[in-house]
Each structure stands twice: as C-alpha cells, then as structure tokens.
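**Student:** Have a look at the structure that comes next, please.
The values are calculated or read from the model by the stated rules, or taken from the named source; none is laboratory data. Since the structure is predicted, the reported quantities are computational estimates derived from the model, not experimental observations. Cβ atoms come from the backbone with ideal geometry, glycine included; neighbour counts cover every protein chain shown.
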Amino acid sequence: MEIKDLAGVSEPLKRLVEVIAEGVGAVTEPYLTKRNADARAYEIRIISQAMAESRLLLGGTEYEDGKIKILRSSQESSEQLSLPSRAESRQAYQELRKQQNIESISANSAQELISENKVSEEKPESEWINRFFEIAENISTEDLQYLWGKILAGEIQKPGSFSLRTLETLKNMSRQEAENFCKLGRYVLRLRDMAFYIDPEQYIFNRENTLGFKEIFALKDAGIVADSDLLNFSFEPCSAGTTSQLLYGSLIILFEREKDTSKIASKVGVLTKAGAELLKLVSIEPDMEYIQAIAQLFYVEGMKVAWATVLREEGDYIHLGNKTYLE
C-alpha cells in the first residue's frame, strides 16, 4: 500500500500508514482493519501455512479465535527434520506471531484515529518509531495491544506525547501494577505538565477496594510514582478576581477569589513524567466525593469553588461546560 492508494483517507490515517511503513516496511490492509472479514481471511491463510509447516515439527495443531494450540508432540515427525530445519520452523513461527501482534496494534491505532480529521505537521521521530515496533512485536495480550494502539495513535496526533522512557516503563509493567495505576488514576490531578494526588492518608487510603502503602511503593518501583516523600504543592497568594484551576479527568476544578487570599499549600504525591504520560491512557470516572475533599483542602475564606466539564483543550485555552458551585 502506498500513499497514492489512499485517496479519500483522512490525514491521520495517512500518517499512520507512513509511520507503519517506516517501522516495518510495506503496509497491507490488515494493518488498518480491525477484525473484518478480509483481515480475518488473510490471518487464517497465513496461520494455515504455518500450521501445515508446524505439523512436521510438532504434530497436530489447532487454531481458534487468534490462538494456536499444540495438540500433541510427535517425536517421529520431529526426527524427520534436521536441526537447522527445526530452527527455521521455530523462527518462522515466532516471526508469524510478531507479525500478528504488530497488525493487531496497528489496527487498534487505526480505530483510534478513524474519527480524527487533523494531524500534526510533525511526524514521530524515527528512533521512536523503531523502538515502538521493536516492543510492539512482542505484545500479544489483547488488552495490552489496545493500550499500545492508543499510544501509537496519540504519538501520531501529537509527536512527543510518549517518551522512549515511557515506552520502556509500560513494557516492563506487570498486569497488577497496571491495575493499581488505573486505581490511582482516579485520584490524580493535573496542572500544566504536573500530575499529582493529595496525601493518600487524607482520602485515598480510606476508600474501600483501593490502594495502600504497599501498592504505592510498587508503583514507585515501576517508575510511575516519583520515588520521594510527599512534596509541597501550593497556590501562591492571589488577588480578588483571579481563578486557580486543577484538571481532574474530564473535569476542571475552579477556585475563584472574591477577595485577596494568602498562599495555600498541601502535601501531595507526584507522578513521574512516564506516569503523567501514561495517565492519558486511563479512563477516569470522576469521584464527586474526592472533588469535595479537594475543595475543602484548598478552600480559604473569600473563595468560591466550582467544577465543570472540559469540552475541549486548545493549547493553554480550555473550553468549559456549565459550572456547578460546591457548598
């Protein structure tokens, strides 16, 4: 597939084709198609060829819903192949699985971009593309393939969204660490490039089915939470008429001054750069009780606190829905 073959395709999908081509070479339809009939037929043809070869080496095999199962091992069949032939068959099988993984992740990325119309003029850096596909070829779990597809789509939309260190951090995360990070994500606030959560002893550790010290320490070890004690976060002294803000998932919390206020500080835990970047992948369901806790933490006399839905962000400018004031 070449760019000239993509008439009528959106710019983000064209950019995806360019990136895949740079990372792995020629691009075929299954890279961009998520489990439609043509892609499935293509996959089955490739799998069938590999299974035919594998019977000489491994005996019976089955293929069902994207998984290859070895039914029995045939010593007699194995002895029919020389050592180099067995090595070649093993390598062919491994390359097949890598190809499947890359195509699944690429298809997930296309699904993320299909409704987008605009793309950055910049392209992801070549080093980033090469490193991404080196990792992607070994990602075989469906839910992880979904996350890596979102990363590729995010980097295409805004190059620099996910650093090389972030790719390595996610690659090395265990499933339990990923689940704990998603739990912590429910309590993370953002201000510009900083992502943090309030002293967990004040709220997070008191919630049922949530996190404790052990889980926080594990996330520090995984490179998600900064390996330090709680830090001071503060709103500097502000004059009447000014507004401070904190982003919380798809919401924004607004601190409106009706008169001059002094410095307001609190202890917080901070995410690393990798943690802040990976937070973009977490779907956060707002906890309204947490918003109340944040409001109480930073409230001072002469202040009104409200929250609103973020409709869209354009650089430093945020378009808001209707505000709801907290009592």
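**Student:** Taking into account only those residues within the stretch 192-233 that are among the hydroxyl-bearing types (S, T, Y) and modelled with pLDDT under 90, which is farthest from G275 (Cα to Cα)?
**Tutor:** The qualifying residue farthest from G275 (Cα to Cα) is Y203.
**Student:** Can you pull out the residues in the stretch 197-245 that are charged (D, E, K, R) and over 20 Å from E256 (Cα atoms)?
**Tutor:** Once the filter is applied, which keeps residues that are charged (D, E, K, R) and over 20 Å from E256 (Cα atoms), the stretch 197-245 yields D199, E201, R207, E208, K214, E215, K220, D221, D227, D229.
**Student:** If you check D227 against the conditions, is it surrounded by fewer than 13 Cβ atoms within 10 Å (Cβ to Cβ) and under 29 Å from E168 (Cα atoms)?
**Tutor:** Yes.
**Student:** Looking at the stretch 275-295, can you tell me whether even one residue there is of a type in the set (K, R), within 20 Å of the chain's Cα centre (by Cα), outside any strand (DSSP E or B) and over 29 Å from E208 (Cβ atoms)?
**Tutor:** Within the stretch 275-295, none of the residues are of a type in the set (K, R), within 20 Å of the chain's Cα centre (by Cα), outside any strand (DSSP E or B) and over 29 Å from E208 (Cβ atoms).
**Student:** In the list S115, S126, which residue meets the criterion of being within 29 Å of the chain's Cα centre (by Cα) and modelled with pLDDT of 90 or more?
**Tutor:** Step by step, each of S115, S126 is checked, and only S126 is within 29 Å of the chain's Cα centre (by Cα) and modelled with pLDDT of 90 or more.
Let's see how each residue does on (1) surrounded by 19 or more Cβ atoms within 10 Å (Cβ to Cβ); (2) not aliphatic (A, V, I, L, M):
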| position | (1), (2) |
| --- | --- |
| Q176 | no, yes |
| F181 | yes, yes |
| I198 | yes, no |
| F217 | no, yes |
| F233 | yes, yes |
| G241 | no, yes |
| Y248 | yes, yes |
| T261 | yes, yes |
| L271 | yes, no |
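**Student:** When you go through (1) surrounded by 14 or more Cβ atoms within 10 Å (Cβ to Cβ); (2) in a helix (DSSP H, G or I); (3) out of contact with any Lys or Arg (no Cβ under 6 Å at 6 or more places or on another chain) one by one for R90, which number turns out not to apply?
**Tutor:** (1)
**Student:** Sticking with this structure for a sec: Do we find that Y146 is surrounded by 14 or more Cβ atoms within 10 Å (Cβ to Cβ) and touching a strand residue (DSSP E or B) at 6+ places or on another chain (Cβ under 7 Å) in this structure?
**Tutor:** no
**Student:** Here is a follow-up. Quick one: L83 ticks every box in (1) closer than 17 Å to K280 by Cβ; (2) at pLDDT below 85 bar one, so which box is it?
**Tutor:** (1)
**Student:** Based on what the data block shows, is I151 outside any helix (DSSP H, G or I), of a type outside the set (G, A, S) and surrounded by 16 or more Cβ atoms within 10 Å (Cβ to Cβ)?
**Tutor:** no
**Student:** Looking only at the stretch 296-307, which residues are touching a Ser or Thr at 6+ places or on another chain (Cβ under 7 Å), assigned to a strand (DSSP E or B) and not aromatic (F, W, Y)?
**Tutor:** Within the stretch 296-307, M303, A306 qualify.
**Student:** Further question on the same structure: Among the residues that make up the stretch 200-218, is at least one of them polar (S, T, N, Q) and either in a strand (DSSP E or B) or within 24 Å of the chain's Cα centre (by Cα) (or both)?
**Tutor:** The answer is yes, given that some residue of the stretch 200-218 is polar (S, T, N, Q) and either in a strand (DSSP E or B) or within 24 Å of the chain's Cα centre (by Cα) (or both).
**Student:** In this structure, is V310 assigned to a strand (DSSP E or B), in contact with a helix residue (DSSP H, G or I) (Cβ under 6 Å, 6 or more places away or on another chain) and surrounded by 13 or more Cβ atoms within 10 Å (Cβ to Cβ)?
**Tutor:** When the stated conditions are applied, V310 does not pass them.
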